[in-house]
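*Asks:* First the structure, which I've put down as structure tokens, then a few questions once you've had a look.
The values are calculated or read from the model by the stated rules, or taken from the named source; none is laboratory data. The structure displayed is predicted, hence computed values, not measured ones. Reconstructed Cβ throughout: ideal geometry from the backbone, glycine too, with neighbour counts over all protein chains shown.
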Amino acid sequence: MSGDVSELARRLAREAEAVCRHYLPNGKRAGRYWVVGDVHNTPGRSLFVRLQESSKGRAGKWTDAATGEYGDLLDIIRESLALRDFREVAEEARRFLKLPHSEEQLLPRPVRPVVPAGSQEAARRLFAISGPIKGTLVETYLQRRGISQIHHGGSLRFHPRCYYRPDEHLPTETWPAMIGSVTDLEGRITGVHRTWLDPHGFDRVRLGKAPIDTPRRAMGDLLGNAVRFGVVDHVLAAGEGIETMLSLRYVLPTLPMTAALSANHLSAMLLPSGLRRPTGRDMLRQHRSSATMPCSNCCRSALCTSRARASRTTSPTRRSGSASPSGGSAARERRLLDSKPSRRNCSRRNSASFQSHIQSCAVVVVEGAIGTSMHMEPPPCSLLG
């Protein structure tokens, strides 16, 4: 099979310009290259297909300067025609080259089970085909958000062309995306959270997210589950947004944390059985004696969890029909980006005080979006409220 594929690729390379004219008609020849927007035949000048073999490489090889993707003419056929099965790609290449049908076509094809869109299996497949975030747009996005050290523990991945469909009546788009794995208490992936990113850079309006209506969406089984950072022992910090918890984990990299993705899911999140369970009287005494870190500012302990959930879910400032499960509006994030906490507050609410405070709690619920901390080392906990 591999020999047949290599032979098809070589035959297509000898007809590289004819292949491009047939499958990428919106492009044009520019010297020794065929220039077009992308592999989906979008008009533009981002993708270059080498038409003749040279010292730079073989004919038929292509590179997309906008996304960093590359491949050969078989990939062009697959992407331009939206083919999923490689047998279909090979058969289309043979049809273009006027070659006889493969003998494998006479064999019965295995029936691949259809995975419903938005299901747990679809979420697992999306996470499996995504790659590490190091050196990608995800790492750049989080660093521009002030999270210079990303302690995600393998829960985040990057997909360069993640599907996005505005609604059922509009065509599917592709954008680079940060993929977060949603897991249950046993570590099984039950869903994923997608944050589509702007490939053209970071701005203070969208904060690096793609210019689409809902740049954050989740799929799969979310109820009771969360995006988890670290292995839970006795103490757990829980919050809504991925960026919120990664900012806190930048200050406390060894503290286990979870992002429930919304206030409602935070209230329904299942807690591990191994968490320490202090009595309500002990926790109340601890909170009353903590003059430098009141729980109403930076965290809510297990004692205050029910009150925190009620206040977040019934807040008049939160739109009930919000499509984003991420926790915190873009306007509130921009206000936090523009805020400049005083040195007095920064020194009072430092990471050591916060860490000492939460060690007396079984669960710490962190509220609010995180602002930038690029000018502070480490970032003050006053930005965590």
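*Asks:* Output the number of residues of segment 13-42 satisfying the condition of being within 33 Å of the chain's Cα centre (by Cα) and among the small types (Gly, Ala, Ser).
*Replies:* 2
*Asks:* A follow-up question, please. Which of the residues that make up segment 211-230 are in contact (Cβ under 8 Å) with a residue 60 or more places away in the chain and of a type outside the set (D, E, K, R)?
*Replies:* 214, 215, 218, 219, 220, 222, 227, 229, 230, listed by residue number.
*Asks:* Tell me, which residue of segment 43-64 that is within 24 Å of residue 171 (Cα to Cα) and under 25 Å from the mean Cα position of the chain (by Cα) is surrounded by the fewest Cβ atoms within 10 Å (Cβ to Cβ)?
*Replies:* 46
*Asks:* If I go through segment 65-78 residue by residue, how many of them are surrounded by fewer than 19 Cβ atoms within 10 Å (Cβ to Cβ) and under 18 Å from residue 17 (Cα atoms)?
*Replies:* Residues of segment 65-78 that are surrounded by fewer than 19 Cβ atoms within 10 Å (Cβ to Cβ), as a first pass: 65-71, 75.
Now restrict to residues that are under 18 Å from residue 17 (Cα atoms): 70-71, 75.
Residues that pass the stated criteria total 3.
*Asks:* Also, I was wondering about something else. Could you count how many residues in segment 1-45 are acidic (Asp, Glu) and closer than 20 Å to residue 91 by Cβ?
*Replies:* Looking only at that region, the number is 3.
*Asks:* Sticking with this one: Looking at segment 158-167, can you tell me whether even one residue there is modelled with pLDDT of 90 or more and either crowded, with 22+ Cβ neighbours inside 10 Å or outside the structural domain of residue 264 (by TED's automatic domain parsing) (or both)?
*Replies:* yes
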